[in-house]
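The values are calculated or read from the model by the stated rules, or taken from the named source; none is laboratory data. Worth saying up front: this structure is predicted, and the values here are computed from it rather than measured. All Cβ positions, even for glycine, are placed from backbone atoms using ideal geometry, and neighbour counts span all protein chains on display. These area figures cover heavy atoms from the full protein model, side chains too; ligands, DNA and RNA do not enter into them. Shrake-Rupley method; radii C 1.70, N 1.55, O 1.52, S 1.80 Å.
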Amino acid sequence: MSSSHRLFSVLIPIISVLLGLIAGAVIMLLSGYNPITGYAALWRGAFGDAYTIGETIRRSTPYILSGLAVAFAFRANLFNIGAEGQVIVGWLAAVWVGISVEAPMVIHLPLAILAAALAGALWGFIPGLLKAKLGVHEVIVTIMMNYIALYSTNEIIRNVLTDHKTTTESIHESASMASEWLGSITFFSRLHYGILLALFIAIIIWFLIDRTTIGYELKAVGFNPHASKYAGMNVSKNIILAMVISGALGGLAGAMEGLGTYGNISVMSGFSNIGFDGIAVALLGANTPLGVVIAAFLFGTLKEGAGEMPTGAGIPTELVDVIIAIIIFFVASSYIIRWALLRFKGGKSK
Amino acid sequence: MRKNWTLLLALLLSVGMVLAACGGGADKEEETKDADKGEEETTTDFKVAMVTDIGGVDDKSFNQSAWEGLKAWGEEHGIEEKKGFDYAQSNDKADYMPNLTRLIRDEYNMIFAIGFELKEDLNKVAKQYPDTHFAIVDDVVEQDNVASINFKEHQGSFLVGVAAAMKTKTNKVGFVGGVDSPLISKFESGFIAGVKSVNPDIEVDVQYAESFGAADKGKVIASNMYNNDIDVIYHASGGTGNGVFNEAKDLKKNDPDRDIWVIGVDRDQHEEGQIGDHNVTLTSMVKRVDVAVHDLSNKAMNGEHHGGEVLEYGLEEDAINVATTNEDAMTQDIIDAVEDWKEKILSGDIEVPKTREETEKFLEAL
């Protein structure tokens, strides 16, 4: 039973990705484009040469962390839609420290990363606190926190970090995760060392969830807060802790962009979508760290490769958006498929 | 249990097979297409492309205008789309860099970056590829291979400000900006100066949507403004402005006698304002990005790329003008007044402010 369960959780995401690809292909066929050329362009756009591989990894890096952020909260049965806001404040905090502090790299870089995690943690703490103490639903609070993050960040960039400009100066070298070496082997891609940090954190989160008492308690509270309370666990503390860690992960995703990819922060005219895509990444990854890493790479590949489809295969941009959205739709609905199939299976074995 | 799996597998396989069959058929067509391609590449080997900002190529605003310029250039030289000119659309900020690099590797000789949001990325890319010609619209990138195309939007905004001041009956007009930035400040400053030059008592309500793509916010802001007796709104907000037009049209539809107006931006937005027999577009501040793109593509093709230069396009170059398409609304006295002020700007009698500080000084001097 247990081994078939595991087989199930591996196969379902694969099936949903395949279904998504097939649905995308049908749409291309119906609109008179060749799906094989289309997907070949997608593949080329993501893995065609060293540059695109570098960019694909770079694009996947923040998805790993934002996916982990959402997945971690899910394990405690909390829906952290606020990953987006946590990414933005983390990005801002990292760049802020990167610009205003001067220190050798061994201090500066960890400090900037820490600042991002703390900012994200704060953004997760507030909804966590409201949920734990007052029972305010975290979905509503985190959505609102996203807007607060977006607009206050824009205002800070304009009036505090710069003199009414739209982009801050670049961070000092000592706080940068960008690497000339990684750039040079990948033909000037913006691949940076953040990917190592992201993978390392995925391992830590796996350890935390599956191998420690903290993780056990978080999961227990998620399954049944009343039983957990009866068993002597502090429910509100665990809810807050889950949101704080989740927020910190979101903040780190922001640090990847701030310290790695861009080295600065610009006034955003809309959400970065890193946090929102993190929700789909977490769901596709079945809320497990390994699953999230794989799902993040899938997302990075789709988003990066999609850019090649209009120029490489002549498929209009609008149609590419539809195809990618459909693939993601199927991918995200894997959660529903799994749920339905498991229900079905559970009913049968009785 | 096992039965379910077999079923699923069979389903997947069959769908896959159908697809493979269809795909094979289409493949042949592609081959013949490719064969055609080889014969047509004769006229010129100079290739031009552009990268849009997140507004996209159909933003009814400056991305679209730039693309129209590129298409006109292609037509002039008998080049087909995708073979000698193309665009890459950006859905978010993360797309700018890969789009630029992709076009470079597809061996385009001249690449336009549309919008100030691409500044940072273009700066990096231009350093890495010194042999490609670049141009940025609406900002300045200081590299030897980048031409910076700037428009004197404050001049045009001043003139539509004059038109708004002549048209308003409530003595209240509104300004809806996209993202609060030095660029949009130019629109805001020019507009305020224009309005107040005609009548210093007119109130100007300035609101920012903090986005160039949020039509919903544009609609809400416009709704508030029209409710507060504002009767003319000038928007400089790209796609957000579509919401302003929507709101104006909704109000006009319910009450055709109500006098409310929108002033368009970048392109002549006359079509956007049509509702039944009425049109809410008073005029538009037309910024001929297409002219600049077309012009610069030709120059680069003839080997005179203005790399490292800041090119200013304004009233003098006819790259900024005020649309007079809505003949019912733009009456002769308004057009005359606009022409008068235009002369004053051209002759240097008035210096139109570009920033909020300059606007303050300008208003004090009135």
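Once you charge only the Cβ atoms, +1 for Lys and Arg and -1 for Asp and Glu, what is the size of the charge dipole of chain B about its Cα centre, to the nearest 20 debye?
1340
Write out the GluC sites (Glu not before Pro) in segment B:95-197 meeting two conditions: DSSP loop, and at most 16 other Cβ atoms within 10 Å of their Cβ.
Those that pass, being in a loop and sparsely packed, are B:107, B:142.
Set the bar at 28 Å for Cα to Cα. Now go through B:71/B:196; B:83/B:299; A:165/B:287; B:71/B:119; B:119/B:287 and name every pair that lies beyond it.
B:71/B:196
At 7 Å along the Cα-to-beta-carbon direction for both residue A:185 and residue B:58, put a label point, then send me their distance in nm to one decimal.
Taking the two extended label points, one gets 4.3 nm.
Cross-link candidates for residue B:249: which lysines have Cα within less than 21 Å, leaving aside residues fewer than 8 places away along the same chain?
B:60, B:167, B:169, B:172, B:217, B:219
Please compute, for peptide A:81-87, the average count of beta-carbon atoms on other protein chains lying within 10 Å of each residue's beta-carbon.
For this peptide, the per-residue mean of nearby foreign Cβ atoms is 0.
Under 15 Å from the Cβ of residue A:78, count the other residues' Cβ atoms, weight Lys and Arg +1, Asp and Glu -1, and hand me the total.
So the environment of residue A:78 carries a net charge of +3.
If I model a spin label at residue B:363 and residue B:131 as a point 7 Å from the Cα along the Cα→Cβ vector, what separation in nanometres do I get?
5.4
In deg cm²/dmol and to the nearest 500, what is the mean residue ellipticity at 222 nm of chain A if only DSSP H runs of at least 4 residues count, each as -39500 (n - 2.57), divided by the residue total?
-24500 deg cm²/dmol
Of chain B, which part is the longest with no trypsin sites (Lys or Arg not before Pro) in a loop (DSSP not H, G, I, E, B) and with at most 16 other C-beta atoms within 10 angstrom?
In short, B:259-366.
Setting aside same-chain residues fewer than 8 positions from residue A:303, which aspartates and glutamates have a Cα under 15 Å from its Cα?
A:55, A:277, A:318, A:321, B:92, B:95
Near residue B:306, within a Cβ-to-Cβ distance under 11 Å, what is the net charge of the other residues, with Lys and Arg +1 and Asp and Glu -1?
So the environment of residue B:306 carries a net charge of -3.
Expressed as a whole number of Å, what is the distance separating the alpha-carbon centroids of segment B:312-336 and segment A:249-328?
Computed from Cα coordinates, the inter-centre distance equals 44 Å.
Using R₀ = 41 Å, calculate the FRET efficiency as 1/(1 + (r/R₀)^6) where r is the Cβ-Cβ separation of residue A:230 and residue A:325; round to 0.05.
0.40
What's the magnitude of the charge dipole for segment A:61-294 around its Cα centre, counting Lys and Arg as +1 and Asp and Glu as -1 at the beta-carbon? Answer in Debye, nearest 20.
760
Using alpha carbon centroids, what distance separates segment B:175-218 and segment A:87-157, in Å?
31
Within a Cβ distance under 14 Å of residue A:237, other residues only, what is the Lys/Arg minus Asp/Glu net charge?
Surrounding charge for residue A:237 is +2.
May I ask you to find the residues of segment B:175-196 that are shielded by at least 40 Å² of accessible area once the whole protein assembly is considered instead of their isolated chain (probe 1.4 Å)?
Relative to the lone chain, where solvent access is computed with a 1.4 Å probe, segment B:175-196 loses at least 40 Å² at B:180, B:182.
Compute the relative contact order of chain B as a whole-number percentage, counting only Cα pairs closer than 8 Å that sit 6 or more residues apart in sequence.
For chain B, the relative contact order is 17 percent.
Per-residue Cβ counts within 10 Å, from other chains only, averaged over A:308-318: what number is that?
4
Looking only at other chains, what is the average number of their beta-carbon atoms within 10 angstrom of each beta-carbon in A:257-267?
What the average comes to for A:257-267 is 2.
Put +1 on the Cβ of every Lys and Arg and -1 on every Asp and Glu Cβ in segment A:61-294; which of A:227, A:92, A:261 then has its Cα farthest towards the positive end of the dipole?
Checked the options; the winner is A:227.
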